[in-house]
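Written below as structure tokens is the structure these notes are about.
The values are calculated or read from the model by the stated rules, or taken from the named source; none is laboratory data. In this text, all values refer to a predicted model and were calculated from it rather than measured experimentally. Neighbour counts run over all protein chains shown; Cβ positions are idealised from the backbone, glycine included. Just the protein is used for accessible areas: all its heavy atoms, side chains included, with ligands, DNA and RNA removed. Shrake-Rupley method; radii C 1.70, N 1.55, O 1.52, S 1.80 Å.
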Amino acid sequence: DGTTLRLSDFQGKPLILVFYLGSSCLHCVEQIETFAERSEALKDAGLKVVAVSVETPQEVQEALVRWGSGFPFELCADPELKVFRAWRCYDEFENSALHGTFLIDSNGFVRWQDIGYEPFSDADFLIQEAKRLLRFPVHQ
């Protein structure tokens, strides 16, 4: 909707941050749909999901229309790949975006991550891992 989101907008709440290659990537669509299907379990675990796409805002809006009303989490556009690069979800050698999934605690610390050429889709594992990891304090 044109709103800029920042990690600080989620301060105080654990977050699952997903970087995906857009609605033309079949594996990414499967990943996003898997997390959407598990949205109640994620919510029950106290986790919010935000996904960032390589697509333009218009392409993200078109994807939301295809997925239907009531889509359970926010989809963001990063067509210039600035956020992808900042989160190391970019292969400089291959000059291409990578898939990334992060568990960020309520203080903004990354507790778990998966970055690579294949999207991470095991939402149930991530829910269990979040429950386990978020119990421990961060040592600074």
Cα centre as origin, Lys/Arg/Asp/Glu Cβ charges: the range 32-117 dipole, Debye: 280
Per residue value of the accessible surface for the chain (all protein chains in place, 1.4 Å probe), Å²: 57
Nearest 10 degrees, 0 to 90: helix 57-67 Cα axis against the chain principal axis: 80
Cα gyration tensor, the range 7-63 - rounded (a/c under 1.5), prolate or oblate: oblate
Angle in degrees between helix 26-37 and the longest Cα principal axis of the chain, rounded to the nearest 10: 50
Heavy-atom accessible surface of the range 35-140: percent carbon and sulfur, 1.4 Å: 50
The chain - Cys residues lacking any other Cys C-beta under 4.7 Å: Cys76, Cys89
Shape category assigned to the range 101-140 from the gyration tensor of Cα positions, a/c cut at 1.5: oblate
Rounded if a/c under 1.5, otherwise prolate or oblate - the range 44-101, Cα gyration tensor axes: oblate
C-alpha long axis of helix 123-133 to longest principal axis of the chain, angle in °: 40
Charge dipole (debye, nearest 20) of the range 95-140; +1 at Cβ of Lys and Arg, -1 at Cβ of Asp and Glu: 260
The range 49-88, dipole about Cα centre (Lys/Arg Cβ +1, Asp/Glu Cβ -1), debye to the nearest 20: 180
The chain - mean residue ellipticity at 222 nm from DSSP helices (-39,500 (n - 2.57) per run, n ≥ 4, rounded to 500): -9000 deg cm²/dmol
